[in-house]
Amino acid sequence: MLVVALLMVLAFKVFPLQDVTLVSGDTTVQVRSTFGDREEALDAASLELAPGDRLLEARTGDQAAVAVQRATPLVVLVDGVRIEVRTRAQTIAGALALANIEVRDGDRVYVDGSRTAPDDELAAGTVSAASTDQPLRIEVVRALPAAPEADPSAAVLLAQTSSLPPLEAVPGTAAISVLAHPGAWRLRESGLPPDMERLARAVAALPERRSIALNLGGQVELLRTDAATVEDVLALFEIELGEHDRVSHPLDDRVTEGMVIVVVEVEKVLEDYIEYTPARMYWRDDHTLAPGEQRTIEGIPGEVRVFEEVTYENGLELKRVPHSARVESKPVAGEYLRGPVAEDGVSPVVVDDYDGPYREKIRVWSTWYDATHGDKAPDHPAFGITYSGILLEYGICAVDPDYIPLGTRFYVPGYGECLAADTGGLINGWDVDLGFPMDHGPDPWHTGYVNIYILD
């Protein structure tokens, strides 16, 4: 017992206790190791190393850190063989190289069913994370072999061998290679053990595969297939033809060696755009403007929605055909306004002599009229009757109700107080037609501009 105790004391002196931090993936464990041995620390943390894993160690005083760099488990399928490896390679190509697999030109690589490039990273976010310890499935699909060159002697060889008797009729003969189809070699063997002969017959019974090219919307895919018809090839690629799509061959055509099948994706869509119809412009006298003064009120263009049938082939526009049109809004005419000029060319403003109370002062174009200016004959019951139903007399005026409401009282310098009680077809905007009795003298009012004062 004394000897054991002495040995333990000596061990603690030679190998003192150390704090060891273990890092494995997202897991961090801190243990106290008696001898500072990393295997002991792994046992204390219940961590096991798998093939391909690597330990990275760092020490400082009585502190030690050990990181476990896990290898990624892979299942590689290539050339009919399944290979299981674990690797710390950073790329797909590096992992395949560890499995002694060469990726040749034209080969396709799939990781968990998704096509990827050999130089893609073997890391989380690119492919499945190794930390899940779930093996990644990498499949290498070899490119099609180049078609053999035409051999002039092939026809002679075929003629010499095409009349060979059935296999079972030639016992004891050696293996014979027969050219059964241009670009496809088949092996017939006889005189073999029964198991090998059955295998040879099974291989010979396999359907014939042909090298073809499929051009789908401008993307070309080369393949060897045993599909019998063009329709079978389209089904192989899960291609559903649209209403307007075109195929270079009838769907029931037999697939032949070197056939090129072209599928043109045709789409017809209805597109629309807006066309604008210009607004017409009219000249109009505006009595609020000084003689010769002009002003423009812009019109509003109309909108017409035009529809066209557009044909796209493989995503490129082929043609446009007019389809229909719909009026969204009609144009609104604009106006060129100008200040009118009287027949005598003077158009003076009547002397403004009003100094009484008023609500608003407005500059208008003033004219005069009497009952004879209407469209009723003197013997008509409505002769001289205004729009409001009262008889036309001095102090009754015609206005545009959109500018001066009916019933408005206003004062006209040189004329007096007036009541807006009548309208007229020629009274537009800031026009005022001053009423006079039929016994007025000649030219009772001088046509021109005048300031009027709105009283109420």
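Okay, residues lined up against (1) open to solvent by less than 30 Å² (accessible area, probe 1.4 Å); (2) acidic (Asp, Glu); (3) modelled with pLDDT of 75 or more:
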residue: LEU56; (1), (2), (3): no, no, no
residue: ALA64; (1), (2), (3): yes, no, no
residue: ALA67; (1), (2), (3): no, no, no
residue: ALA71; (1), (2), (3): yes, no, yes
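Within segment 241-252, which residues are out of contact with any Leu (no Cβ under 9 Å at 6 or more places or on another chain) and either part of a loop (DSSP other than H, G, I, E, B) or of a type in the set (Ser, Thr, Tyr) (or both)? First the steps, then the outcome.
Kept after step one, since they are out of contact with any Leu (no Cβ under 9 Å at 6 or more places or on another chain), are these residues of segment 241-252: 242-246, 248-250, 252.
Within segment 241-252, GLY242, GLU243, HIS244, ASP245, SER248, HIS249, PRO250, ASP252 meet the criteria.
Identify, please: which residue in segment 264-315 is of a type in the set (S, T, N, Q) and touching a Phe, Trp or Tyr at 6+ places or on another chain (Cβ under 9 Å) and is, among those, least open to solvent (accessible area, probe 1.4 Å)?
Applying the filter and picking the extreme gives THR288.
Which one is farthest from ASP443 (Cα to Cα) among residues in segment 353-378 that are part of a loop (DSSP other than H, G, I, E, B) and open to solvent by less than 60 Å² (accessible area, probe 1.4 Å)?
The initial filter retains those residues of segment 353-378 that are part of a loop (DSSP other than H, G, I, E, B), namely 353-359, 370, 374-378.
Next, from what is left, pick out any that are open to solvent by less than 60 Å² (accessible area, probe 1.4 Å): 354, 356, 370, 374, 377.
Working: TYR354: 23, GLY356: 27, ASP370: 11, GLY374: 17, ALA377: 22 Å.
Looking at residues that are part of a loop (DSSP other than H, G, I, E, B) and open to solvent by less than 60 Å² (accessible area, probe 1.4 Å), I get GLY356.
Tell me which residues, restricted to segment 107-122, are in contact (Cβ under 8 Å) with a residue 24 or more places away in the chain, outside any loop (DSSP other than H, G, I, E, B) and not hydrophobic (A, V, I, L, M, F, W, C). Can you show your working first?
Step one: of segment 107-122, the residues in contact (Cβ under 8 Å) with a residue 24 or more places away in the chain are 107-113, 116-122.
Checking the rest, the ones that are also outside any loop (DSSP other than H, G, I, E, B) come to 108-111, 116, 121.
Within segment 107-122, ARG108, TYR110, THR116, GLU121 qualify.
Matching residues to (1) part of a loop (DSSP other than H, G, I, E, B); (2) touching a residue at least 60 places away in the same chain (Cβ under 8 Å); (3) among the small types (Gly, Ala, Ser):
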position: ILE239; (1), (2), (3): yes, no, no
position: LEU270; (1), (2), (3): no, no, no
position: TYR276; (1), (2), (3): no, no, no
position: ALA279; (1), (2), (3): yes, no, yes
position: GLY292; (1), (2), (3): yes, no, yes
position: PHE307; (1), (2), (3): no, no, no
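Considering only segment 239-262, state which residues are more than 27 Å from VAL310 (Cβ to Cβ) and either charged (D, E, K, R) or open to solvent by 40 Å² or more (accessible area, probe 1.4 Å) (or both).
HIS249, PRO250, LEU251, ASP252, ASP253, ARG254, THR256, GLU257, GLY258, VAL260
Just the residues that are in a loop (DSSP other than H, G, I, E, B) and out of contact with any Ser or Thr (no Cβ under 6 Å at 6 or more places or on another chain), please, taken from segment 417-433.
Residues of segment 417-433 in a loop (DSSP other than H, G, I, E, B): 423-430.
Residues satisfying the conditions are THR423, GLY424, GLY425, LEU426, ILE427, ASN428, GLY429.
Condition test on ARG280, is it at pLDDT below 90 and either in contact with a Pro (Cβ under 7 Å, 6 or more places away or on another chain) or over 30 Å from VAL321 (Cβ atoms) (or both)?
On the way: at pLDDT below 90: yes; either in contact with a Pro (Cβ under 7 Å, 6 or more places away or on another chain) or over 30 Å from VAL321 (Cβ atoms) (or both): yes.
Considered against the rule, which asks whether it is at pLDDT below 90 and either in contact with a Pro (Cβ under 7 Å, 6 or more places away or on another chain) or over 30 Å from VAL321 (Cβ atoms) (or both), ARG280 comes out as yes.
Between residues in segment 133-146 that are modelled with pLDDT under 80 and residues that are open to solvent by 70 Å² or more (accessible area, probe 1.4 Å), which pairs lie under 7 Å by C-beta distance while being six or more apart or on different chains?
ALA143/ARG104; ALA143/ASP105; LEU144/LEU222
From the residues in segment 436-451 that are closer than 19 Å to TYR354 by Cβ and touching a Ser or Thr at 6+ places or on another chain (Cβ under 8 Å), which one is most open to solvent (accessible area, probe 1.4 Å)?
So, considering only residues that are closer than 19 Å to TYR354 by Cβ and touching a Ser or Thr at 6+ places or on another chain (Cβ under 8 Å), the one most open to solvent (accessible area, probe 1.4 Å) is TRP445.
Residues in segment 379-397: is at least one among the β-branched types (Val, Ile, Thr) and within 60 Å of the chain's Cα centre (by Cα)? Spell out how you get there, then give the answer.
Initially, segment 379-397 is screened for residues among the β-branched types (Val, Ile, Thr), giving 385-386, 390, 396.
Pick out the ones that are also within 60 Å of the chain's Cα centre (by Cα) and you get none.
The answer is no, given that none of the residues of segment 379-397 is among the β-branched types (Val, Ile, Thr) and within 60 Å of the chain's Cα centre (by Cα).
Would segment 379-391 turn up any residue that is modelled with pLDDT of 90 or more, open to solvent by 50 Å² or more (accessible area, probe 1.4 Å), in a loop (DSSP other than H, G, I, E, B) and of a type in the set (Phe, Trp, Tyr)?
Checking segment 379-391: at least one residue is modelled with pLDDT of 90 or more, open to solvent by 50 Å² or more (accessible area, probe 1.4 Å), in a loop (DSSP other than H, G, I, E, B) and of a type in the set (Phe, Trp, Tyr).
Would you please list the contacts, defined by Cβ atoms under 8 Å and residues six or more apart or on different chains, that run from a residue in segment 221-234 that is basic (Lys, Arg) to a residue that is at pLDDT 90 or above and surrounded by 19 or more Cβ atoms within 10 Å (Cβ to Cβ)?
Every condition considered, the pairs that remain are ARG224/ILE212.
Determine whether segment 329-340 contains at least one residue that is modelled with pLDDT under 85, loosely packed, with under 12 Cβ neighbours inside 10 Å, of a type outside the set (Val, Ile, Thr) and closer than 30 Å to CYS418 by Cα.
Checking segment 329-340: not a single residue is modelled with pLDDT under 85, loosely packed, with under 12 Cβ neighbours inside 10 Å, of a type outside the set (Val, Ile, Thr) and closer than 30 Å to CYS418 by Cα.
The values are calculated or read from the model by the stated rules, or taken from the named source; none is laboratory data. As the structure is a computational prediction, the values presented were derived from the model and not from experiment. Cβ sites come from the backbone with ideal geometry, for glycine too, and all protein chains shown count toward neighbours. Heavy atoms of the whole protein, side chains included, go into the accessibility calculation; ligands, DNA and RNA do not. Shrake-Rupley method; radii C 1.70, N 1.55, O 1.52, S 1.80 Å.
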